[in-house]
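A.B. asks: Could you have a look at this structure, given as structure tokens, before my questions?
The values are calculated or read from the model by the stated rules, or taken from the named source; none is laboratory data. Values in this document were obtained by computation on a predicted structure and should not be read as measured data. With ideal geometry, Cβ positions are generated from the backbone for all residues, glycine too; neighbour counts draw on all protein chains shown.
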Amino acid sequence: MSILNKILGHPLTRGLSVDDPRTTLLRQSIIQDKAFLRALYEEWYERIIGALSNKNDVLELGSGAGFFQFVLPEVITSEVFETPGVKLIADACALPLPDHSLDAIVMTDVFHHIPDVGRFFLEATRCVRPGGKIVMIEPWRTPWSEWVYTHLHSEPFYPDSGWEIPSAGPLSGANGALPWIVFQRDRALFEAQYPQWRLKNIEPMMPFSYLLSGGVSMRNLLPGWMYRPIRVLERALGQKQWAMFALIELEHAS
């Protein structure tokens, strides 16, 4: 991985800690500048918005590097540290919001960084109105993705772990397998502990697109015009068994 980073690592963030707020700002520039990656995020955002029943009071967790606010201008953007353009400094495990004040909580690549998802679900239950949603796009476990995340990605990927992530920095603490653990491996436990939340949809997706985009830490690998052909190819091959990500949709049932 260190050799790969030396060859393909993006020069803007090389040597910076992921917990440094400057890295988040630079990643925002990277997403905007890489047309292939920007198209990927646009599809993610379209899928998230398409899953929302009500778009009036929506909180986005981990907004700092993205541009969801340009797609849904009324969204309440948030980040764990102060970042330009973000409306709210918020810990997902202790949301500074009134009871029943939200129609939805959305996130991209954030859930697997939450150190105590049990506390997050309690906060979401308190803040989200009945009928509201949690919608996220997160890493997902398949044999292919497990190999990629284990060998070609900097974040930990531990499918045999529990729900909590060991204490670390605000962004460096992670387990890429956490969404699969909670919503697939331990689905019965999740449903028993949080009956207020109905797991409405899990849609595995994108076997190769993110990898080919170079993500936020690697150089651009493909031009933007290649995004649509790659997505057509992914759909033709079948995404479920090869997926690296999943769209996950929960509905507040009570």
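A.B. asks: Would you mind stating whether R22 is surrounded by fewer than 17 Cβ atoms within 10 Å (Cβ to Cβ), touching a residue at least 12 places away in the same chain (Cβ under 8 Å) and not in a loop (DSSP other than H, G, I, E, B)?
C.D. replies: Numbers: surrounded by fewer than 17 Cβ atoms within 10 Å (Cβ to Cβ): yes; touching a residue at least 12 places away in the same chain (Cβ under 8 Å): no; not in a loop (DSSP other than H, G, I, E, B): yes.
Against the criterion (surrounded by fewer than 17 Cβ atoms within 10 Å (Cβ to Cβ), touching a residue at least 12 places away in the same chain (Cβ under 8 Å) and not in a loop (DSSP other than H, G, I, E, B)), R22 does not qualify.
A.B. asks: Cβ-Cβ distance below 6 Å, separation of 6 or more or different chains: which pairs start in region 26-45 with a residue that is touching a residue at least 60 places away in the same chain (Cβ under 8 Å) and more than 20 Å from E138 (Cβ to Cβ) and end on one that is among the polar types (S, T, N, Q) and outside any helix (DSSP H, G or I)?
C.D. replies: K34/N220
A.B. asks: Separate question: Condition first: among the charged types (D, E, K, R) and either modelled with pLDDT of 95 or more or within 15 Å of the chain's Cα centre (by Cα) (or both). Can you find one or more residues in region 164-179 that meet it?
C.D. replies: First, the residues of region 164-179 that are among the charged types (D, E, K, R): 164.
Now drop any that are not either modelled with pLDDT of 95 or more or within 15 Å of the chain's Cα centre (by Cα) (or both), which leaves none.
There is no residue in region 164-179 that is among the charged types (D, E, K, R) and either modelled with pLDDT of 95 or more or within 15 Å of the chain's Cα centre (by Cα) (or both).
A.B. asks: While we're on this one: Let me confirm something: among Y194, Y210, which residue is of a type outside the set (A, V, I, L, M, F, W, C), in contact (Cβ under 8 Å) with a residue 60 or more places away in the chain, out of contact with any strand residue (DSSP E or B) (no Cβ under 8 Å at 6 or more places or on another chain) and surrounded by 15 or more Cβ atoms within 10 Å (Cβ to Cβ)? Don't jump to the end; show me each part of the working.
C.D. replies: Values: Y210 fails: out of contact with any strand residue (DSSP E or B) (no Cβ under 8 Å at 6 or more places or on another chain).
The unique qualifying residue is Y194.
A.B. asks: For region 87-120, name all the residues that are under 22 Å from L26 (Cβ atoms) and either in contact with a Gly (Cβ under 6 Å, 6 or more places away or on another chain) or in a helix (DSSP H, G or I) (or both). Can you show your working first?
C.D. replies: Step one: of region 87-120, the residues under 22 Å from L26 (Cβ atoms) are 87-90, 107-110, 112-113.
Within region 87-120, M107, V110, H112, H113 meet the criteria.
A.B. asks: Moving to a separate point now. Can you name the residue in region 63-77 that is touching a Phe, Trp or Tyr at 6+ places or on another chain (Cβ under 9 Å) and assigned to a loop (DSSP other than H, G, I, E, B) and is also modelled with the lowest pLDDT among such residues?
C.D. replies: Here the answer is G64.
A.B. asks: Residues to consider are E164, E155, E146, E138; find the one that is in a helix (DSSP H, G or I) and either touching a Cys at 6+ places or on another chain (Cβ under 8 Å) or at negative phi (or both). Lay out the reasoning, then the answer.
C.D. replies: Numbers: E164 fails: in a helix (DSSP H, G or I); E155 fails: in a helix (DSSP H, G or I); E138 fails: in a helix (DSSP H, G or I).
Going through E164, E155, E146, E138 in turn, just one is in a helix (DSSP H, G or I) and either touching a Cys at 6+ places or on another chain (Cβ under 8 Å) or at negative phi (or both): E146.
A.B. asks: Any chance you could count how many residues in region 159-173 are within 23 Å of T23 (Cβ to Cβ) and not polar (S, T, N, Q)? I'd like the intermediate steps shown before the answer.
C.D. replies: First, the residues of region 159-173 that are within 23 Å of T23 (Cβ to Cβ): 165-173.
In the following step, the residues that additionally are not polar (S, T, N, Q) were identified as 165-166, 168-171, 173.
Count: 7.
A.B. asks: Then there's this: So, in region 68-86, exactly how many residues are over 22 Å from V216 (Cβ atoms) and either surrounded by 13 or more Cβ atoms within 10 Å (Cβ to Cβ) or touching a residue at least 12 places away in the same chain (Cβ under 8 Å) (or both)? Step through it out loud before you land on a result.
C.D. replies: Here is the first cut: in region 68-86, the ones over 22 Å from V216 (Cβ atoms) are 73-74, 76.
Next, only the ones that are either surrounded by 13 or more Cβ atoms within 10 Å (Cβ to Cβ) or touching a residue at least 12 places away in the same chain (Cβ under 8 Å) (or both) stay: 74, 76.
Within region 68-86, residues that are over 22 Å from V216 (Cβ atoms) and either surrounded by 13 or more Cβ atoms within 10 Å (Cβ to Cβ) or touching a residue at least 12 places away in the same chain (Cβ under 8 Å) (or both) number 2.
A.B. asks: Determine if region 91-106 includes at least one residue that is touching a strand residue (DSSP E or B) at 6+ places or on another chain (Cβ under 7 Å), of a type in the set (S, T, N, Q) and modelled with pLDDT of 95 or more.
C.D. replies: no
A.B. asks: Further question: Here are A174, A168, A124: which of them is closer than 23 Å to R47 by Cα and either of a type in the set (A, V, I, L, M) or in contact with a Ser or Thr (Cβ under 8 Å, 6 or more places away or on another chain) (or both)? Before the answer, list the steps.
C.D. replies: Details: A174 fails: closer than 23 Å to R47 by Cα; A168 fails: closer than 23 Å to R47 by Cα.
The conditions single out A124.
A.B. asks: Identify the residue in region 209-231 that is at pLDDT below 95 and of a type in the set (A, V, I, L, M, F, W, C) and, among all such residues, is nearest to the chain's Cα centre (by Cα).
C.D. replies: Among them, the one singled out is V216.
A.B. asks: Does A174 satisfy the criteria of being over 21 Å from I49 (Cβ atoms) and crowded, with 21+ Cβ neighbours inside 10 Å? Steps first, please.
C.D. replies: Numbers: over 21 Å from I49 (Cβ atoms): yes; crowded, with 21+ Cβ neighbours inside 10 Å: yes.
For A174, the condition - over 21 Å from I49 (Cβ atoms) and crowded, with 21+ Cβ neighbours inside 10 Å - is met.
A.B. asks: Which of the residues spanning region 46-67 are hydrophobic (A, V, I, L, M, F, W, C) and free of Cβ contacts under 8 Å to residues at least 24 places away in the same chain?
C.D. replies: I49 - this is the single residue of region 46-67 that is hydrophobic (A, V, I, L, M, F, W, C) and free of Cβ contacts under 8 Å to residues at least 24 places away in the same chain.
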